[in-house]
Amino acid sequence: MPSCGLIGTITADTIEVDNGRTFRSVGGILYQAAVLCGLGVSTVLLSHCGESLRSEVEAIVGEWPVLDRRGLTYVPGPGNRVLLRYSERSREREEILESVVPPHDPESILRALPGLDFLFMVFNSGFDISLPDWRAVADRAACPIWVDIHSLVLSPCVGARRDYRAIPDWRDWVEGADYLQANRREAACLMGRPEREADETEIRELCGQAFQIGVRAVFVTLGKEGVLAAVPGDIRRLPVRAAVKTVDPTGCGDVFAAAAARGLLRGQPVFQAASAGVDLASHAAGISGIPETYLLASRAGKDF
């Protein structure tokens with residue numbers, strides 16, 4: 001069975017949506033872990049989590065037989081706590097980081113690398129790992145790497161709304177990765193235009209620059225419109241095929257990534273793997289929470 005490593009942060013999310021509904025759950029890197037484990041992929045969790053969340057996290061992940069928790073470290077304090085507000089009208093997500101956990105020490109990750117067939121680096125908080133430490137990991141990894149740029153493009157502040165920012169050194173973070181994931185706003189930040197979403201011309205420009213530093217495929221998530229997937233010489237829009245009423249959009253990009261990675265691990269071509277990821281992510285919008293995400297992936301695994 002192939003083994004996938006997940007580097008990122010476990011978060012405690014408070015999610016508010018337009019109609020007044022509020023959800024509270026643990027999240028962050030657990031979304032990818034839930035999908036991978038639900039689909040039967042042996043998964044090594046390389047994450048920090050606040051001690052106050054230990055009982056809740058263990059009650060959830062203890063039910064996942066293919067999850068290796070030796071890289072899960074509990075640190076003192078409340079952990080990585082996040083307030084997320086979604087506005088359907090503006091298509092914006094407001095994020096306030098209320099507390100953080102320390103960044104990763106790369107040594108535990110480096111020890112895990114020889115046994116991995118695939119590696120995720122997911123910037124759940126933007127405080128997950130320092131650039132020198134990440135470079136030490138990326139330069140040593142012998143397996144394919146998927147980088148989800150995500151919160152790295154948000155201002156590194158605690159206790160206030162996090163604004164989008166340009167990331168002029170993004171190539172230093174991405175070099176050595178095989179797969180790059182961003183949404184349209186995050187893509188614009190990489191291109192130095194954080195004030196708005198990237199258009200298709202700018203996305204193509206980003207893809208070209210990513211390919212120049214060795215990235216094999218770029219995935220730009222488009223929300224309800226699906227995903228724009230690109231490899232050198234070919235870019236395709238992969239639409240959402242299932243009409244699902246949105247309950248909670250949190251984690252849909254994470255579901256896409258994990259499901260697509262499972263396809264890549266099984267030798268599927270990039271566009272086939274990405275299409276399967278879009279399909280599972282579209283169903284994930286109709287549920288809420290990590291346990292439900294695991295069940296969704298488990299049920300889908302029979303036909304996936």
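Total residues in region 13-25 satisfying the condition of being out of contact with any Lys or Arg (no Cβ under 9 Å at 6 or more places or on another chain) and not in a strand (DSSP E or B): the figure is 3. Determine whether region 97-112 contains at least one residue that is within 24 Å of residue 219 (Cα to Cα) and touching a strand residue (DSSP E or B) at 6+ places or on another chain (Cβ under 8 Å). Checked against the condition, which is being within 24 Å of residue 219 (Cα to Cα) and touching a strand residue (DSSP E or B) at 6+ places or on another chain (Cβ under 8 Å), region 97-112 yields no hits at all.
For region 117-158, a residue qualifies if it is in a helix (DSSP H, G or I), of a type in the set (Gly, Ala, Ser) and farther than 20 Å from residue 71 by Cα, and exactly one does: 151. Look at residue 298 and say whether it is hydroxyl-bearing (Ser, Thr, Tyr), part of a helix (DSSP H, G or I) and either surrounded by 15 or more Cβ atoms within 10 Å (Cβ to Cβ) or at pLDDT 95 or above (or both). Considered against the rule, which asks whether it is hydroxyl-bearing (Ser, Thr, Tyr), part of a helix (DSSP H, G or I) and either surrounded by 15 or more Cβ atoms within 10 Å (Cβ to Cβ) or at pLDDT 95 or above (or both), residue 298 comes out as yes.
Scanning region 26-81 for residues that are crowded, with 24+ Cβ neighbours inside 10 Å and assigned to a helix (DSSP H, G or I) returns 30, 31, 32, 33, 34, 35, 36, 37, 38. If I filter region 106-117 for residues that are of a type outside the set (Val, Ile, Thr), closer than 21 Å to residue 290 by Cα, touching a Ser or Thr at 6+ places or on another chain (Cβ under 9 Å) and buried (at least 18 other Cβ atoms within 10 Å of the Cβ), do I get at least one hit? No, that holds for no residue. Just one of the listed residues (241, 236, 196, 262) is among the charged types (D, E, K, R), touching a helix residue (DSSP H, G or I) at 6+ places or on another chain (Cβ under 7 Å) and surrounded by 16 or more Cβ atoms within 10 Å (Cβ to Cβ), and it is 262. Taking region 255-270 as the range and being of a type in the set (Val, Ile, Thr) and either part of a loop (DSSP other than H, G, I, E, B) or closer than 19 Å to residue 293 by Cβ (or both) as the test, only 255 passes. Going by the structure shown, is residue 168 under 18 Å from the mean Cα position of the chain (by Cα), assigned to a loop (DSSP other than H, G, I, E, B) and not small (Gly, Ala, Ser)? So residue 168 fails the test. The set of residues in region 1-12 being part of a strand (DSSP E or B) and either surrounded by fewer than 21 Cβ atoms within 10 Å (Cβ to Cβ) or of a type in the set (Phe, Trp, Tyr) (or both) consists of 3 alone. One residue stands out among those in region 199-216 that are among the aliphatic types (A, V, I, L, M) and in a helix (DSSP H, G or I): the one that is surrounded by the most Cβ atoms within 10 Å (Cβ to Cβ), which is 210. Quick check on residue 267: is it at pLDDT 95 or above, within 18 Å of residue 2 (Cα to Cα) and either buried (at least 16 other Cβ atoms within 10 Å of the Cβ) or acidic (Asp, Glu) (or both)? No: the conditions fail for residue 267.
Selection of first residues in region 227-252 that are at pLDDT below 90 and of second residues that are hydroxyl-bearing (Ser, Thr, Tyr), restricted to Cβ pairs under 6 Å at least 6 apart or on distinct chains, gives the following pairs, ordered by first then second residue: 240/282; 242/282; 244/282; 247/288; 248/288; 251/31.
The values are calculated or read from the model by the stated rules, or taken from the named source; none is laboratory data. Bear in mind that the values here come from a model prediction, so they are computed numbers and not experimental data. Ideal geometry is used to build each Cβ from the backbone, glycine not excepted, and the neighbour counts take in all protein chains shown.
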